[in-house]
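Peer 1: Let me begin by handing over the structure; questions about it come next.
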Amino acid sequence: MNASPRRLASLDALRGCTVAAMLLVNDPGDWGHVYAPLDHSAWNGCTPTDLVFPFFLFVVGVSVALAILPRLEQGTAPGVLARTALWRALRILALGVAINVLAALLMPGVHLRFPGVLQRIGMCFAGVALFAIYTKPRTQWLTIAVLLLGYWGLLLAGGSLEPWANIVSRTDSAVLGHFVYLIDPATGRGHDPEGLLSTLPSLASTLLGLRAGCWLRQGKLKTLLIAGVLSVLLGALWSLWLPLNKNLWTPSFVLWCAGWVTLALLAFHLLIDRRGWPAWGRRFGVNAIAAYAGSEMMQVLLPALGWQKSIYKHVFAGWMTSPFGPYVPSLAFALVFVLLWWLIVYAMDRRHIYLKL
């Protein structure tokens, strides 16, 4: 095994493609007209959009294997690595909260929400970094099993998997009150797709990325292939009893998504690192948090300044809707938004500017 930290172009490309997909699905011109594959499942099920965030968390785990473990093997003190990881995780979490506060202050009709995508990334990164530093692979696999089976037991004990009535939503309501993403006007119950209990299986998603990253470091490509196929099949089989559900981050959803991203990781590695294909997406990948956080702040400021509706109406919908229908301008806005941020990260990369939290 190579103990030196190394940056794989394939991993940067996979991370970058995932971030680009995040921007694409998060920033349509009109939320009322989004093509089905670019929208989340209403509840049960799994669209391509539902795969995006699990892909990113899995890649976080792979990155830990490639960045932290080599330093541990080279003799860096575990305490130093742990403090560095926890401090970074805290900064990511704080940035997520700050963006939510900004949205609540500036955007009409938006209430304050404490959970969020960056907050979950920060918590999962912290957890997986500590597992990588202080535990052995057997403990990590045992933790994955306990998280998935234990969370399944919690869901069953909750008595319902329906919206608002499930134990995940009820826990979010009890602990966070109205500081969540959605609130049911009929019952006052809240729900957050990045809430408290569902962070447990999200940690399992990231731990699976850690184990895949270790196989990648060891050159166990056949193991990655077998694991990816088995994970997809196990997720599909488990979904017969426990539906795929991103909102609840069900264990079947964890395995289903982990399988597909494992196969994607293998394909990117073979094509880019081994065969020399262009690392499409790399520029998003090397400034991933900056691109995502920056795009989120832009999506707060544009509506707050009253610019977004005007831009969408005059640049996109005004002339596209009549010949193409309402879905095309909405998608065109999202594509231009992604292109704008690609130009930003391209310019940053050319100037060797890499924003790290």
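A short reminder: the numbers here are calculations on the coordinates, not readings from a lab. The shown structure was predicted, so the numbers you read here are calculated from the model rather than taken from an experiment. We place every Cβ from the backbone using ideal geometry, glycine too, and count neighbours over all the protein chains shown.
Peer 1: Take the alpha-carbon positions of region 38-84, form their convex hull, and give its projected area averaged over all directions (one quarter of the hull surface) in nm².
Peer 2: 4.6 nm²
Peer 1: Using square roots of five times the C-alpha gyration tensor eigenvalues, list the equivalent-ellipsoid semi-axes of region 135-205 in whole Å, biggest first.
Peer 2: So the equivalent ellipsoid measures 27, 13, 7 Å along its semi-axes.
Peer 1: When a footprinting reagent is the concern and you count Cβ atoms within 10 Å, what order do TYR292, TYR134 take, fewest first?
Peer 2: TYR134, TYR292
Peer 1: Determine the distance separating the Cα centre of region 69-91 from the Cα centre of region 215-294; give it in Å without decimals.
Peer 2: If we compute the Cα centre of each part, the gap is 25 Å.
Peer 1: A further question on this structure: Please give the charge dipole size of the chain, origin at the Cα centre, charges +1 on K and R Cβ atoms and -1 on D and E Cβ atoms. Round to the nearest 20 debye.
Peer 2: With Lys and Arg at +1 and Asp and Glu at -1, about 1300 debye.
Peer 1: Against the empirical 2.2 N^0.38 Å scaling, what ratio does the C-alpha Rg of region 36-280 come to?
Peer 2: Ratio of Cα Rg to 2.2 N^0.38 Å: 1.04.
Peer 1: Spelling out what I want: for every residue of region 49-58, take phi, set θ = phi - 60°, compute 6.51 cos²θ - 1.76 cosθ + 1.60 (Karplus), and round to whole Hz; glycine and proline get x.
Peer 2: 5, 5, 6, 5, 5, x, 4, 5, 5, 4
Peer 1: If Lys and Arg each add +1 and Asp and Glu each add -1, what is the summed charge of the other residues whose beta carbon sits under 13 Å from the beta carbon of ALA334?
Peer 2: -3
Peer 1: For a quick check: sort VAL180, VAL232, VAL175 by the number of other beta carbons within 10 angstrom, fewest at the front.
Peer 2: Ascending number of Cβ neighbours within 10 Å: VAL175, VAL232, VAL180.
Peer 1: Across all directions of projection, what mean area in square nanometres is found for the Cα convex hull of region 52-147?
Peer 2: In nm², the orientation-averaged hull projection of region 52-147 is 7.2.
Peer 1: Using the beta-carbon distance between ARG83 and HIS314 and R0 = 56 Å, what value does 1/(1 + (r/R0)^6) give for FRET efficiency, to the nearest 0.05?
Peer 2: It comes to 0.65.
Peer 1: Using alpha-carbon positions, what is the distance between the centroids of region 322-351 and region 102-143, in Å?
Peer 2: Each part reduced to its Cα centre gives a spacing of 28 Å.
Peer 1: Fewest first, what order do ARG138, ARG189 take by the number of other Cβ atoms within 10 Å?
Peer 2: ARG138, ARG189
Peer 1: By a straight-distance test (C-alpha under 19 Å), which lysines pair with LYS309 as possible cross-link partners, with residues fewer than eight away in the same chain excluded?
Peer 2: Within the straight-line limit of under 19 Å, LYS309 reaches no lysines at all.
Peer 1: Right, something else. What three numbers, in Å, describe the spread of the alpha carbons of region 174-217 along their principal axes, ordered from the longest?
Peer 2: 51, 15, 12
Peer 1: In addition: Taking the Cα-to-Cβ direction at ASP184 and at THR76 and moving 7 Å from each Cα, how far apart do the two end points lie in nm?
Peer 2: 4.6 nm
Peer 1: Show which aspartates and glutamates lie in cross-link reach of LYS220 when reach means a straight Cα distance below 16 angstrom and same-chain residues fewer than eight apart are skipped.
Peer 2: Here the aspartates and glutamates satisfying the reach criterion relative to LYS220 are ASP273.
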